[in-house]
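The values are calculated or read from the model by the stated rules, or taken from the named source; none is laboratory data. Predicted, not measured: the structure shown is a model, and the values here were computed from it. Here the Cβ positions follow ideal geometry from the backbone for every residue, glycine too, while neighbour counts run over all protein chains shown. Note: accessible area is taken over every heavy atom of the protein model, side chains too, but ligands, DNA and RNA are not part of it. Shrake-Rupley method; radii C 1.70, N 1.55, O 1.52, S 1.80 Å.
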Amino acid sequence: MTRDQGARVPLDVDISDAELERQLKETWSSKPGLWGAISTVDHKVVAGRYIATAFVFLILGGLLAMAMRLQLSQPEARFINPDRYNQIFTMHGSTMMFLFAVPVMEAMAAYLVPLMVGTRNIAFPRLNAFSYWIFLFGGILLWVAFALDTAPDVGWFAYVPLAGPQYAPGKRADLWAQMITFTEVAALAVAVEIAVTVFKQRAPGMSLDRIPVLVWAMLVMSFLVIMAMPAIMFSSTTLILDRLVGTHFYNPAEGGDALLWQHLFWFFGHPEVYIIFLPAVGMVSTILPAFVGRPLFGYMLLVMALITTGVLSFGLWVHHMFTVGLPRVGESFFTASSMSIAVPAGIQIFCWLATLWAGKPVYKTPLLFILGFIVTFVMGGMTGVMVASVPFDTQVHDTYFVVAHFHYVLIGGAVFPLIAAVYYWFPKMTGRMMSERLGRWSFWLIFCGFHLTFFPMHILGLWGMPRRIYTYQPELPWTSLNLFVSLSALVLAGGFLVFFVNAIRSRRNGLPAGSNPWGAATLEWATSSPPPPYNFRRIPVVSSLDPLTPGENELPVVAGLRTDRRELLVTSVVEALPQARESSTTDSVWPFWAAVATSVMLVWSIFTPWAVVWGSIPVAITLIGWFWPKGSPEDES
Amino acid sequence: MRVQSAGAMGNKMSARIWFGGAAAGLAALAAVVGWMREPRQYRASPPLTAALDQLRLMPNAISGTPPEVYFALGKPYETTAFDLSQGKRLYSWFGCSACHGEGTGGKGPSFIDGWWLYGPSMVSIVASIRDGRPHGMPAFRNRMTTDEIWQLAGYIKSLGAYTASVTATARNDEKTGRPAENRAPAALLFNQGPEPLHPDQGPTP
Amino acid sequence: MFSASLLVFLTGCSGNQSALNTHGHSADALRDLIILITVVCTVVWLMVVGFLLWALARRREVPRRDSDTERKMALSIRLAIAATILTVAGLTIASFYTTRDLNSSNGASLTVRVKAQQWWWQFAYQASDQEPPFLTANELHIPVNKDVRLELEALDVIHSLWIPSLAGKLDMIPGRKNIITIRATRPGIYRGQCAEFCGLQHSHMAFVVVVEEGAAYQRWVAAQAAPAVEPAMAEASAGKAVFMSKPCAACHTIRGTSATGTSGPDLTHVASRRTIGAGLLETTRGSLAAWIADPQTLKPGNNMPLVPLTSDELRQISAYMEELK
Amino acid sequence: MKDRIVLDASALPMHGMGAASPTWWATCAFMLIEGSGFALALAVYLYLMSLAPSWPMEAPPPDLWAGTWLTLMLIASVVPNVLVSRWAHRRDLRKVQVGLVVMTMLGIIPLVLRAFEFTKLHIRWDDNAYGSIVWMLLGLHTTHILTDVVDTVVLACLMFSRHADNTRRYGDVQDNCMYWNFVVVAWLPLYGCIYGLARL
């Protein structure tokens, strides 16, 4: 490291592109080997791991679903005992919500947002690496507990008193609550990074009205995380305190209240649905234009709808509690507010339909999944309107009708777009195309399998089948439909299998993609596939909503950044005018150690409260190690 | 070119290290899983019950060796929160509190003062419940199954613990008249008690 | 229309625990609302999908992005949004009116306290002019066409009372008391089930509601309020002795005997009930014996401990139970 | 794709202060997160209070002196805190060093007072729900004081090291000052709840 700052610093002007790329590569690449892999802070590497890990959890959660379908395929079946079944459905819900859906959406954000706003790394890359490790350790914690037969068995919602100290002996519920803490920390960290990246690291000229819809969606999602996750953090902490040190937050015998838990949980839990769904809205809005050959219709309308949905989502939590016996006035208010969210959702659908109507669709796999999404999600929305009505809900609440409803919304509304997004951005992430033939197979298998599996559940619910039962009796009229559902689930699983086979095969053997295989207009397609460690040779300058115009092979860029340190551009919040040449941190193993220390503290604290005291010392040491400047050019200014 | 190949080598190496690490991690995990599994049983199998019934008591019916199968199982009735909680429920269902209160004693002796008439070993407690003791403790041999007796014994032992344990039974929501089970009540309420007949049976906090 | 006829079909084969096959004042109103909203939503969904198919099937050479198209689309979207708002408002009003309708009760003639616990139901009938109070388990009898007020309490964790054919569900929350009024419009036997996850045996926490004409109901009340019959057969008498000497009596009450335990169901007239184990098995001597012999295999994790009995004792106890009509 | 250079950034500063710095925004985001946490804890306090037949439950209201002294200390600490922030803005290293040492002291004293405060609540966390939420509120806020004190100590050490004289460090000092202001402001409604509402 040269200390003579006054001497000539290498800038990215007046050198050839090849030489510039070489210098940037030297500055931005991670070291090879295990330590290099652990210490890397490249948002693409970290987010790639995040996505892969989340999909592993999807597979695990899916296997649990298959196990449940096996048990329910016939009445009074004895494949799985009730204790294991309760663990399985709790694990399925917790894994899908906390270890798959939220992380995968945040990881997509961590991968795509920096590329789409034209910057070189996410804001706070070390926090990003830390977030991944925490997420990974939290997921391992939960699954090791499952292997040990101490997995939580109180449902992913962990209602007290069932999850409280008296009725949930052992460490099962504590493990659930602590797993929540892990995923919370991870999610909050990414949310902060995304928000700051969007606010401060957009390419010059990318004013608020030129931000891609996906980035808007991720920004709103980040705010939902920031505002909603403290609620679950508070509730999981107080639950552990109730169980471990004898507080009485949820103990009605000592002035606590069982419903308090439900209020806190759903104050988080409802925005949670939109934390998962809004990124999907962004994905659809970004992918659709590439396959209909025209820009999205109603950009402003969509952005307003996104923000409205985000705001409204905080006013709906009580619709998960319509049957607890609340005052009628409150119920009517929440009926109205729950119904009203159909309006922004409708606006989104209308904008997409209009875009499709005016465009000329090219039926590639991503578009198929988006069409499947529209058909499925609108149905989920319709059943959403149904359960938003208090009287209607008193009949279907906690039945298979609701199971059907939220799988329509979550799989139809978020997983379909996510798979479309994987097909769409796979070439960018790996440099190779996914197979179109297998893509069509996977679409039709997933689409048909999904509807055959979940549509009958509506009927089962109306026929009186409650949720979360490990078996039912032969005299009830549910047997044949359940068997049908279980068989259809095999088709659905087959579809996912084809998808994963396709992804794994195409990673090595797919056709080379080139930098912009779809002819898309957003910035991530301006760089090579996969993008180099520094993302862009020079940071692009944006002058419209669609920075890449077809046929144009020149990109307006900004020059004058140093190449000997990781430097990127900080711009103003509204107009995105350049403000400073900020450095981006170097690789570091400290985030890994900090995550290890934090994990030790959190796991230890399941067993004794003193862990918080003693365990926080290594956490503090690793954090100091993380932040203490090492004298690299990135640490100075 | 050379830089690249070194990088590729490094990648290969790191892949190998990753793979090795992952395999070692999985193996360690499997070992832990085998060792620490905490299954719940609602009804012990008959051979197991029969084996658990084979107590080897000292001639004076105080203390002794638990059957080998108990160790082979990993002492579940003392280390599994679920069994302890079952014991707690059995405690109330079988009316133990009529004589022993909330463990605080009454007509029968207290369990939480650190004093054990027949010593604090599991075998003694099991024998007391199963076969009864002089001066009013009835035999529960014909009212409870063997595994229920062990569960109950485990709970009673935890009531009189000197050291707080990570594995504790479920806490009551209602207030109780004694310290919670996971707080080492015997250490908190240690009572010297009468001079012991056999000093080795007495409490040693 | 299609969805309406489908609903009729669905109603037909849905059994006695169904929100579509209803014979209660509330459930009827709810079924009408369910049909209304489902029809409206189906129409909306068909319109969206129809439009989607039209948009896809339209022949066109190039994507349109001229200002005329954009203006037309903006106008249609405005119309669509307005239609959405109107629909949503209409459905909100419809559900508001249904709620109001549900609350119109003209004074309950009968109050029953329902206590839910892991994993069975206790129904406590209050004393009337003629009869003393009595308890029953997992079987609720009510007179037809009378408002019945159910006071809901949970003794351990949260449960939810749900008799789909008669009314929507209402949770039972420890530390709180909820009240629901039901009115059955046709005699019959309806099944209800716990609808809030309450632990291991949530699946086996059912009960039946027997709706009877006034006279039949009164006869039932009189029979239930009477103390238990003395066993007639010698085997049953022996069973009674076993019952009293074993821990059974510590948890169960049989009125008129020395058994006064309260943690298990009242067994005074156990044989008169249609099921045992909260809807688990039909009440027969065989099922009673099987249940007593090994409750933890039939309903793993339930709160009835296994009591060691010889085969003679088991026979005697089940004979006794069978006589407790 | 070829690059067409349209902007030159070489004249821009190498670190932005205040709202031009990503760290400032991240600090704001974390304050939003923790602010939501405090708001929720207060909401829970009010919720439990609304359910309780009498408040505080089975206990006299907490004694005023420790909490009030602590509140006064915290409010007083805002003055030097703002000064430190200003000195950091002017890049006055000597004054910033002194200021950080003072702020460390002003962080430790409230911690000592807080220890007394816990003993003057007249209730334990495991007595009833009132005890639980009061301990929760105080505990939550204590963690914030504690973490900020640790942060201040580390920064103070840093400002005495060779890395000190650097815009980035001054920015960190400013963000730390902003965070301390947040810790103080967040305390005021908590104080009002714990001491005021318990006396109504």
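Please sort D:179-188, A:230-239, D:74-83 by packing, taking for each peptide the average over its residues of neighbouring beta carbons within 10 angstrom, highest first.
Ranked by mean Cβ neighbours within 10 Å, highest first: A:230-239, D:179-188, D:74-83.
Give me the inter-chain shielding for A:30-36: mean count of other chain Cβ atoms within 10 Å, whole number please.
Mean inter-chain Cβ contacts per residue within 10 Å come to 5.
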Checklist outcome for this item: In chain A, lysine pairs 8 or more places apart or on different chains with C-alpha atoms under 30 Å apart total 16
Item to check | Cα Rg, Dmax (largest Cα-Cα span) when computed across the range C:234-323, Å | outcome: 11.8, 34
Item to check | Most fluctuating residue given options C:L150, C:L46, C:L306, as computed from a GNM of chain C linking Cα atoms under 10 Å | outcome: C:L46
Item to check | Spatial separation of Cα centroids for the range A:103-126 and the range D:45-120, in angstrom | outcome: 38 Å
Next on the checklist: Accessible area of the protein assembly as shown with a 1.4 Å probe: how many percent of it is carbon plus sulfur?
Outcome noted: 66 percent
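Any idea of the total accessible area buried by the C-A contact, 1.4 Å probe, rounded to 100 Å²?
For chain C against chain A, roughly 7000 Å² becomes buried.
Pull out a ≥ b ≥ c, the square roots of the eigenvalues of the alpha-carbon gyration tensor of the range A:401-462, then state rounded if a/c is under 1.5, prolate if not and a/b is larger than b/c, and oblate in the remaining case.
oblate
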Checklist entry - In the range C:199-214, which residues give up 50 Å² or more of accessible area once the other protein chains are added, compared with their chain alone (1.4 Å probe)? => result C:L200, C:S203, C:H204
Next on the checklist: Is there a quick way to get the dipole size of the protein assembly as shown? I mean about its Cα centre, with the Cβ of Lys and Arg at +1 and of Asp and Glu at -1; what is the value in debye to the nearest 20?
Outcome noted: 2460 debye
Checklist entry - Which percentage, to the nearest 5, of the DSSP beta bridges contained in the protein assembly as shown is antiparallel? => result 70 percent
Checklist entry - So for the range A:39-153, taking the charge dipole from beta-carbon charges (+1 Lys/Arg, -1 Asp/Glu), which of A:L60, A:M97, A:W133 sits furthest toward the positive end? => result A:W133
Checklist entry - Rolling a 1.4 angstrom probe over the protein heavy atoms, how many square angstrom per residue are accessible across the range B:46-201? => result 46 Å²
Item to check | Kyte-Doolittle mean at least 0.5 and Cα axial length at least 24 Å: DSSP H helices in chain D | outcome: D:22-51, D:64-90, D:93-119, D:129-159
Next on the checklist: Roughly how large is the A-B contact in terms of buried accessible area, totalled over both chains, probe 1.4 Å, nearest 100 Å²?
Outcome noted: 2300 Å²
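Kindly state, to the nearest 0.05, the FRET efficiency for A:S29 paired with A:W444, given R0 = 45 Å and r defined as their beta-carbon distance. Don't skip to the answer; put the middle values down first.
Details: r = 42 Å, r/R0 = 0.93.
Computed FRET efficiency for A:S29 and A:W444 comes out at 0.60.
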Checklist outcome for this item: The ratio Rg/Rh over the Cα atoms of the range A:94-154, Rh being the Kirkwood inverse mean 1/r radius, stands at 1.12
Checklist outcome for this item: For the range A:1-99, the per residue accessible area (1.4 Å probe, Å²) is 45 Å²
Next on the checklist: Probe of 1.4 angstrom, ligands and nucleic acids ignored: what's the accessible area per residue over the range C:178-273, in square angstrom?
Outcome noted: 34 Å²
Checklist entry - In chain C, how many lysine pairs have Cα atoms under 23 Å apart, counting only pairs 8 or more places apart or on different chains? => result 11
Checklist outcome for this item: When the charge dipole of the range C:20-84 is computed with +1 at the Cβ of Lys and Arg and -1 at the Cβ of Asp and Glu, the Cα pointing farthest to the positive end, of C:S76, C:L36, C:P63, is that of C:P63
Checklist entry - How big is the gap, in Å, between the Cα center of the range D:129-200 and the Cα center of the range C:65-108? => result 48 Å
Item to check | Whole-Å semi-axes of the ellipsoid equivalent to chain C (Cα gyration tensor, √5λ, descending) | outcome: 53, 22, 16
Checklist entry - How many partner chain Cβ atoms sit within 10 Å of a residue's Cβ in peptide D:160-171, on average, as a whole number? => result 3
Item to check | the range D:22-199: Cα Rg divided by the 2.2 N^0.38 Å rule of thumb | outcome: 1.14
Checklist entry - When N is the residue count of the protein assembly as shown, what does its C-alpha Rg come to as a fraction of 2.2 N^0.38 Å? => result 0.99
Checklist entry - Pairing the Cα long axis of helix A:416-430 with the longest principal axis of chain A, what angle in degrees results, from 0 to 90 and rounded to the nearest 10? => result 30 degrees
Checklist entry - Taking Cα atoms, how many degrees apart are the long axis of helix C:25-57 and the longest axis of chain C, rounded to 10 and kept between 0 and 90? => result 40 degrees
Item to check | Candidate aspartates and glutamates for bridging to B:K157, where Cα separation is under 20 Å - those fewer than 8 sequence places away on the same chain excluded | outcome: B:E38, B:D53, B:E68, B:E78, B:D83, B:E102, B:D113, B:D131, B:D147, B:E148, B:E181, B:D200
Checklist outcome for this item: Of B:92-105, C:70-83, ordering from highest average Cβ density within 10 Å down gives B:92-105, C:70-83
Checklist entry - Can you list the lysines whose alpha carbon is less than 28 Å from that of D:K120, not counting same-chain residues fewer than 8 positions off? => result B:K175
Item to check | Positive-pole candidate from D:A41, D:P189, A:H407, dipole of the protein assembly as shown, charges at beta carbon | outcome: A:H407
Checklist entry - Where the only charges are on Cβ atoms (+1 Lys, Arg; -1 Asp, Glu), what is the dipole of chain A about its Cα centre, to the nearest 20 debye? => result 1200 debye
Checklist entry - Mind ordering C:227-240, A:411-424 by average Cβ neighbours within 10 Å, highest first? => result A:411-424, C:227-240
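Between rounded, prolate and oblate, where does the range D:25-124 land on the alpha carbon gyration tensor, with a ≥ b ≥ c its root eigenvalues, rounded for a/c under 1.5, else prolate if a/b exceeds b/c?
In terms of gyration-tensor shape, oblate.
Report the antiparallel proportion of the DSSP beta bridges in chain C as a percent, rounded to a multiple of 5.
The antiparallel proportion sits near 70 percent.
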Item to check | Two-site label geometry, A:S632 and D:A19: point separation in nm, points 7 Å out along Cα→Cβ | outcome: 3.2 nm
Item to check | Accessible surface buried upon A-D contact (total; probe 1.4 Å; Å², nearest 100) | outcome: 5200 Å²
Next on the checklist: Run lengths n ≥ 4 of DSSP H only: what is the helix-derived mean residue ellipticity at 222 nm for chain A, with -39500 (n - 2.57) per run over all residues, to the nearest 500?
Outcome noted: -20500 deg cm²/dmol
Item to check | the range B:46-201 - charge dipole about Cα centre, Lys and Arg +1 at Cβ, Asp and Glu -1, debye rounded to 20 | outcome: 220 debye
Checklist entry - What average number of partner chain Cβ atoms lie no more than 10 Å from the Cβ of the residues making up C:34-46? => result 4
Item to check | Computed lengthening from A:L487 to A:R22, 0.36 nm per intervening residue step minus Cα-Cα distance | outcome: 161.9 nm
Checklist entry - Relative to the longest principal Cα axis of chain A, at what angle does helix A:172-200 sit, 0 to 90 degrees, rounded to 10? => result 30 degrees
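Shape verdict for the range B:46-201, please, from the Cα gyration tensor: rounded (a/c under 1.5), prolate (a/b greater than b/c) or oblate. Each step should come with its number before you reach the end.
Numbers: a/c = 1.40, a/b = 1.15, b/c = 1.22.
Because its axes are fairly even, with a/c under 1.5, the range B:46-201 counts as rounded.
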